[in-house]
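**Student:** Take this structure, written in structure tokens, and hold onto it; I'll ask about it next.
The values are calculated or read from the model by the stated rules, or taken from the named source; none is laboratory data. For clarity, every value in this text was computed on a predicted model and none was experimentally measured. Virtual Cβ from ideal backbone geometry, glycine too; neighbours counted across all protein chains shown.
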Amino acid sequence: MTSAKTICAKPVEVPSPKSSSSPEQAKDEAQEQKDDSVPSQPTAEAIEQKTEPEEPGALFQAVGVLSGKVNFILEGENERSTITIGNKEYPLFYAPSKKRAYEALKKEIEATGESTQRLVVYPKFTHFPGRDQPPNVGFQVVGFDKGRQSQVISEELQDMEFKLCGLWQFIPVCRTPCISVFKNFTKERLNHVKQSEPAKKVKYMKASHLPLFWRDALVPPFRFNPKAPKEEQGKPVFVQIKARFMPHRDAFEFDSLLGLPLELPPKFLKASKDDKATAIAEKRAALKASGKDRAASTGKPPFKANKGDFKGNPKGTLKEMPKPKPKPKPQQ
């Protein structure tokens, strides 16, 4: 375990990454930059070799409770849902495995007429290459609290509180340090990943990077230094905390420790650079084939003269000017 050293974890500016040519490419490149900020971590192919001891019971996790007005909006044949917290509105999602919980929430609102609900959610942050561009924030519905069950996460947490367990570090596309939550390792997941195509691998193992304001943090957030030798880089520390979501900042604020920071994180899955490069190339090719690749031109358009009547001398010769009259000579 790491020693408890009190420091001030203030956001430090990092170089702005290059902008992408389209929103779809921007998301992919931003995600690649974020995940690659974790140094010397095992990929899906190599993680089986990791045998060092780790803290029992420690897992990557990001789950919390939100209370707000749930809205179901029908747009043509498609339906989307949001949750309103104060004056902010956030999109709600659901995973195929959690569709029953989503449908149960919808039926509960229809039956009771009460749209204000207490939801158990996973936070979903999508960052972009521009360091000053705020992330897109949404939440994946896991369940909702009707006050009829005990010993569940909604009993442990108050409204707006989240359990965040992950790597404490800066990422290139965010001014604020983040807790990076990766996919926990299991042999079943590893076998699933090995049998998947590169694009599905990368999507399945995509990490969540959650901005966190933590004053006087026990350990400083890791920051990658491209000029430092590999052996001097160090590694991000695994932290386990409770934090509050702040809608006015679209970020989290430290509340309390759930466990001491760990130098050695739990085993996790991380896509290889080759798989990321292949997935991005395949997506760009698909966008280009569908005509959706709006790559911005990097140069100036060529100059084109207007085709009109040119009334000048085509040979460019100068018009003869009258000779000046000689000045009269002064009389003696």
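**Student:** Yes or no: LYS201 among the basic types (Lys, Arg), in a loop (DSSP other than H, G, I, E, B), in contact with a helix residue (DSSP H, G or I) (Cβ under 8 Å, 6 or more places away or on another chain) and under 23 Å from PRO129 (Cβ atoms)? Reasoning before the result, please.
**Tutor:** Values: among the basic types (Lys, Arg): yes; in a loop (DSSP other than H, G, I, E, B): no; in contact with a helix residue (DSSP H, G or I) (Cβ under 8 Å, 6 or more places away or on another chain): yes; under 23 Å from PRO129 (Cβ atoms): yes.
Considered against the rule, which asks whether it is among the basic types (Lys, Arg), in a loop (DSSP other than H, G, I, E, B), in contact with a helix residue (DSSP H, G or I) (Cβ under 8 Å, 6 or more places away or on another chain) and under 23 Å from PRO129 (Cβ atoms), LYS201 comes out as no.
**Student:** A follow-up question, please. If you check every pair at least six apart or on different chains, which have Cβ atoms under 6 Å apart with a residue in segment 177-192 that is hydrophobic (A, V, I, L, M, F, W, C) first and a residue that is in a loop (DSSP other than H, G, I, E, B) second?
**Tutor:** What qualifies is CYS178/ILE171; VAL181/PHE60; PHE182/PHE60; PHE182/ALA207; PHE185/LYS267.
**Student:** Another one. Answer yes if at least one residue in segment 126-135 is touching a helix residue (DSSP H, G or I) at 6+ places or on another chain (Cβ under 6 Å), in contact (Cβ under 8 Å) with a residue 12 or more places away in the chain and over 22 Å from PRO247 (Cβ atoms), and no otherwise.
**Tutor:** Within segment 126-135, one or more residues are touching a helix residue (DSSP H, G or I) at 6+ places or on another chain (Cβ under 6 Å), in contact (Cβ under 8 Å) with a residue 12 or more places away in the chain and over 22 Å from PRO247 (Cβ atoms).
**Student:** Okay, next question. Which one is modelled with the lowest pLDDT among residues in segment 82-124 that are of a type in the set (Ser, Thr, Tyr) and not in a strand (DSSP E or B)? Walk me through it before giving the result.
**Tutor:** Step one: of segment 82-124, the residues of a type in the set (Ser, Thr, Tyr) are 82, 84, 90, 94, 97, 102, 112, 115-116, 122.
If we keep only those that are not in a strand (DSSP E or B) as well, we get 94, 97, 102, 112, 115.
Values: TYR94: 90, SER97: 81, TYR102: 89, THR112: 93, SER115: 96.
Among those that are of a type in the set (Ser, Thr, Tyr) and not in a strand (DSSP E or B), it is SER97.
**Student:** So, one more: Of all residues in segment 182-220, which are touching a Ser or Thr at 6+ places or on another chain (Cβ under 6 Å), among the aliphatic types (A, V, I, L, M) and farther than 28 Å from GLU282 by Cβ? Quick ask: steps written out before the conclusion?
**Tutor:** Here is the first cut: in segment 182-220, the residues touching a Ser or Thr at 6+ places or on another chain (Cβ under 6 Å) are 198, 207, 209, 211, 216, 219.
With the extra rule that they be among the aliphatic types (A, V, I, L, M), the set shrinks to 207, 219.
Matches in segment 182-220: VAL219 only.
**Student:** Could you please let me know if MET205 is on the phi > 0 side of the Ramachandran plot and in contact with a Phe, Trp or Tyr (Cβ under 9 Å, 6 or more places away or on another chain)? It would help to see each step written out before you state the result.
**Tutor:** Values: on the phi > 0 side of the Ramachandran plot: no; in contact with a Phe, Trp or Tyr (Cβ under 9 Å, 6 or more places away or on another chain): yes.
For MET205, the condition - on the phi > 0 side of the Ramachandran plot and in contact with a Phe, Trp or Tyr (Cβ under 9 Å, 6 or more places away or on another chain) - is not met.
**Student:** Just to verify a result, which residue in segment 125-163, among those that are hydrophobic (A, V, I, L, M, F, W, C) and part of a loop (DSSP other than H, G, I, E, B), is modelled with the lowest pLDDT?
**Tutor:** First, pick out the residues of segment 125-163 that are hydrophobic (A, V, I, L, M, F, W, C): 125, 128, 137, 139, 141-142, 144, 152-153, 157, 160, 162.
If we keep only those that are part of a loop (DSSP other than H, G, I, E, B) too, we end up with 128, 152, 157, 160.
Working: PHE128: 90, VAL152: 72, LEU157: 94, MET160: 97.
Per the stated criteria, the residue is VAL152.
**Student:** For segment 225-258, what are the residues that are without any contact (Cβ under 8 Å) to a residue 60 or more places away in the chain and either acidic (Asp, Glu) or touching a helix residue (DSSP H, G or I) at 6+ places or on another chain (Cβ under 7 Å) (or both)?
**Tutor:** Result: GLU231, GLU232, GLU253.
**Student:** Turning to a different aspect of this structure: Which residue, of ASP309, ASP255, ASP275, is crowded, with 16+ Cβ neighbours inside 10 Å and at pLDDT below 90? Can you show your working first?
**Tutor:** Working: ASP309 fails: crowded, with 16+ Cβ neighbours inside 10 Å; ASP255 fails: at pLDDT below 90.
ASP275 is the lone residue from the list that is crowded, with 16+ Cβ neighbours inside 10 Å and at pLDDT below 90.
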